[in-house]
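Engineer: This is the structure, below, for whatever I ask next.
The values are calculated or read from the model by the stated rules, or taken from the named source; none is laboratory data. Note that the coordinates shown come from a computational prediction; the quantities given were computed from them, not determined experimentally. Cβ coordinates were reconstructed from backbone atoms using ideal geometry, including for glycine residues, and neighbour counts include every protein chain displayed. In case anyone asks, the SASA skips ligands and DNA or RNA and just uses the protein heavy atoms, side chains included. Shrake-Rupley method; radii C 1.70, N 1.55, O 1.52, S 1.80 Å.
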Amino acid sequence: MSDVSMFNLRIGQGIDVHPFGAATPLVLGGVTIPNHSGLKAHSDGDAVIHALVDALLGAAGLGDIGSYYPSEDPVHAGKNSRIFLVETHRKLSALGFRLINADITIMTQSPKLLPHIPAMKDCLAQDLQCEASQLNVKGTTTDHLGFIGRKEGLMTSAVVLLHQG
Ligand code: MG
């Protein structure tokens, strides 16, 4: 990383929230998590990827996920969110951005995420063409407080650091 100048560093943040209750499976970070209600959304509801895409676009100064993939556009109905991530990575690469690291937090009361985190990191690393070690994915609960604590939905947060050069 000796070629990384601190003057070309860009930080970005993304947040996403979706309610549980979909008939479709729960998909987080590209990984299908069995035996749990899915997230209601226009796409496949992968809130990890949605927050990550928003963070990447934010760091690059390119707006937000909704401006590229509007939820009212029927073409995105039920769409695999990994497509959003791959396309966003391509867009950023073309502008000379590369990922230094990403830190992702999934706030949910259930299910238990720990067993699924290595697979999520592998999926995301594949789509971002980076090493899994550049990605951190962690889970937390809200200690039964609020809509997350009542298991009505979940929230995700992603912070990324990019280098442009
Ligand atoms: Mg979303």
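Engineer: For the stretch 91-131, give me each residue that is of a type in the set (S, T, N, Q) and part of a strand (DSSP E or B). Reasoning before the result, please.
Structural biologist: As a first pass, look at the stretch 91-131 and keep what is of a type in the set (S, T, N, Q): 93, 101, 105, 108-110, 126, 129.
Selection gives 101, 105.
Engineer: Checking residue 33 against (1) open to solvent by less than 30 Å² (accessible area, probe 1.4 Å); (2) modelled with pLDDT of 90 or more; (3) within 16 Å of the ligand (Cβ to nearest atom), only one condition comes out false. Which one?
Structural biologist: Going through the list (1) open to solvent by less than 30 Å² (accessible area, probe 1.4 Å); (2) modelled with pLDDT of 90 or more; (3) within 16 Å of the ligand (Cβ to nearest atom), residue 33 breaks only (3).
Engineer: Only one residue in 124, 154 is modelled with pLDDT of 95 or more, out of contact with any Pro (no Cβ under 9 Å at 6 or more places or on another chain) and within 19 Å of residue 45 (Cα to Cα), so which one is that?
Structural biologist: Just one listed residue meets the conditions, 124.
Engineer: For the subset of the stretch 33-61 comprising residues that are free of Cβ contacts under 8 Å to residues at least 40 places away in the same chain and in contact with a helix residue (DSSP H, G or I) (Cβ under 7 Å, 6 or more places away or on another chain), which member is farthest from residue 113 (Cα to Cα)?
Structural biologist: Out of the qualifying residues, it is 42.
Engineer: Next question, about the same structure. Determine if the stretch 80-97 includes at least one residue that is in contact with a strand residue (DSSP E or B) (Cβ under 6 Å, 6 or more places away or on another chain) and either open to solvent by 40 Å² or more (accessible area, probe 1.4 Å) or over 17 Å from residue 15 (Cα atoms) (or both).
Structural biologist: Of all residues in the stretch 80-97, those in contact with a strand residue (DSSP E or B) (Cβ under 6 Å, 6 or more places away or on another chain) come to 96-97.
Among the residues that remain, those that are also either open to solvent by 40 Å² or more (accessible area, probe 1.4 Å) or over 17 Å from residue 15 (Cα atoms) (or both) are: 96-97.
Looking for residues that are in contact with a strand residue (DSSP E or B) (Cβ under 6 Å, 6 or more places away or on another chain) and either open to solvent by 40 Å² or more (accessible area, probe 1.4 Å) or over 17 Å from residue 15 (Cα atoms) (or both), one finds at least one in the stretch 80-97, hence yes.
Engineer: Any residue that is of a type in the set (A, V, I, L, M), open to solvent by less than 10 Å² (accessible area, probe 1.4 Å), outside any strand (DSSP E or B) and touching a strand residue (DSSP E or B) at 6+ places or on another chain (Cβ under 7 Å) - is there at least one of those in the stretch 39-47?
Structural biologist: Step one: filter the stretch 39-47 for residues of a type in the set (A, V, I, L, M), giving 39, 41, 47.
Checking the rest, the ones that are also open to solvent by less than 10 Å² (accessible area, probe 1.4 Å) come to 39, 47.
Those left that are additionally outside any strand (DSSP E or B): 47.
Next, from what is left, pick out any that are touching a strand residue (DSSP E or B) at 6+ places or on another chain (Cβ under 7 Å): 47.
There is at least one residue in the stretch 39-47 that is of a type in the set (A, V, I, L, M), open to solvent by less than 10 Å² (accessible area, probe 1.4 Å), outside any strand (DSSP E or B) and touching a strand residue (DSSP E or B) at 6+ places or on another chain (Cβ under 7 Å).
Engineer: In addition: Mind listing whichever residues of the stretch 89-104 are touching a helix residue (DSSP H, G or I) at 6+ places or on another chain (Cβ under 9 Å) and either among the acidic types (Asp, Glu) or within 17 Å of residue 45 (Cα to Cα) (or both)?
Structural biologist: 104
Engineer: Every residue in the stretch 53-88 that is within 15 Å of residue 125 (Cα to Cα), within 11 Å of the ligand (Cβ to nearest atom) and either among the hydrophobic types (A, V, I, L, M, F, W, C) or assigned to a helix (DSSP H, G or I) (or both), please.
Structural biologist: Residues of the stretch 53-88 within 15 Å of residue 125 (Cα to Cα): 53, 56, 81-88.
Add one more test, that the residue is within 11 Å of the ligand (Cβ to nearest atom), and what stays is 53, 81, 84.
Across the stretch 53-88, the qualifying residues are 53, 84.
Engineer: Ok, one more. Could you go through the stretch 13-29 and let me know if any residue there is open to solvent by 60 Å² or more (accessible area, probe 1.4 Å) and outside any strand (DSSP E or B).
Structural biologist: no
Engineer: Here's another thing I want to ask about it. Return the pair list, or none, for Cβ contacts closer than 7 Å from residues in the stretch 64-86 that are hydroxyl-bearing (Ser, Thr, Tyr) to residues that are open to solvent by less than 40 Å² (accessible area, probe 1.4 Å), at least 6 apart or on different chains.
Structural biologist: Going by the 7 Å Cβ cut-off, the qualifying pairs are 69/76; 69/84; 81/43; 81/44; 81/46; 81/49; 81/50.
Engineer: Does the stretch 102-130 hold any residues that are in contact with a strand residue (DSSP E or B) (Cβ under 6 Å, 6 or more places away or on another chain) and farther than 15 Å from residue 48 by Cα, and which are they?
Structural biologist: 130
Engineer: Taking the stretch 132-154, which residues are open to solvent by 50 Å² or more (accessible area, probe 1.4 Å) and assigned to a strand (DSSP E or B)? Quick ask: steps written out before the conclusion?
Structural biologist: First, pick out the residues of the stretch 132-154 that are open to solvent by 50 Å² or more (accessible area, probe 1.4 Å): 133, 136, 138, 140-141, 143-145, 147, 150-152.
Residues satisfying the conditions are 136, 138, 140.
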